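Single-structure report; data block below.
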Amino acid sequence: MTNALDLMAPVDTLAMDFTREFAASRQALFRAHAEPDLVARWLGPGDLKMTIDRWDFRTGGGYRYVHADADGEYAFNGVFHTVRENELIIQTFEFEGAPDMVNIEFLRFEDLGADCSRLRGRSICPSLEARDGLLSSGMEGGMVEAYDKLDALLRA
């Protein structure tokens, strides 16, 4: 099952909304977002090595991970504000190379039946410039690649 990423950035809003369907149960999809050894296998571009420095997946917990290649390291961190098993993650997301540009992200996990699920997300940026900068950075292609890797992981 191949499903396209649907990414929308409505004009004059700080938000980016996305959906992606998976041929896996909602529980399996949530688990792939919750367990650090699974997250490290799909999150981010395939040409970067991912190291998780901290992963405290619970309401009030947080994370920090680093993607690295021959050109350098790219670190990200955030706080898990709300974790509701198999249902919802609300977290912040910050690229340490652009400090003070913190997004808040809402990830909803929907059961579609027949061992299929949908991830519905919303990322709210601190400014239109920050949102447009993310969109022009190749973020969409990175999301497509990551979710394709997640799809393969869920099938395995």
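A quick yes/no check of all residues on (1) closer than 15 Å to Asp17 by Cα; (2) surrounded by fewer than 13 Cβ atoms within 10 Å (Cβ to Cβ):
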position: Asp69; (1), (2): no, yes
position: Gly72; (1), (2): no, yes
position: Asn77; (1), (2): no, no
position: Leu135; (1), (2): yes, no
(request) Taking only region 1-22 into account, find how many residues are assigned to a loop (DSSP other than H, G, I, E, B) and crowded, with 17+ Cβ neighbours inside 10 Å. (result) 2
(message) Quick check on region 106-129: of everything there that is among the small types (Gly, Ala, Ser) and buried (at least 16 other Cβ atoms within 10 Å of the Cβ), which residue is farthest from the chain's Cα centre (by Cα)?
(response) Ser117
(message) With the structure loaded, tell me whether Leu43 is surrounded by 13 or more Cβ atoms within 10 Å (Cβ to Cβ), farther than 25 Å from Ser137 by Cα and not basic (Lys, Arg) or whether it fails that test.
(response) no
(request) Please state which of the following conditions Gly60 fails to meet, knowing it meets all the rest: (1) assigned to a strand (DSSP E or B); (2) more than 19 Å from Ala32 (Cβ to Cβ); (3) not acidic (Asp, Glu). (result) (1)
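Filter region 63-95 down to residues that are outside any strand (DSSP E or B) and touching a helix residue (DSSP H, G or I) at 6+ places or on another chain (Cβ under 8 Å) and give me whichever is nearest to Arg122 (Cα to Cα).
The selected residue is Glu87.
Only the coordinates and a few stated rules stand behind these numbers; no lab work does. Remember, it's a predicted structure, so these values are computed and weren't measured experimentally. Note that each Cβ is placed from the backbone with ideal geometry, even for glycine, and that neighbours are counted across all protein chains shown.
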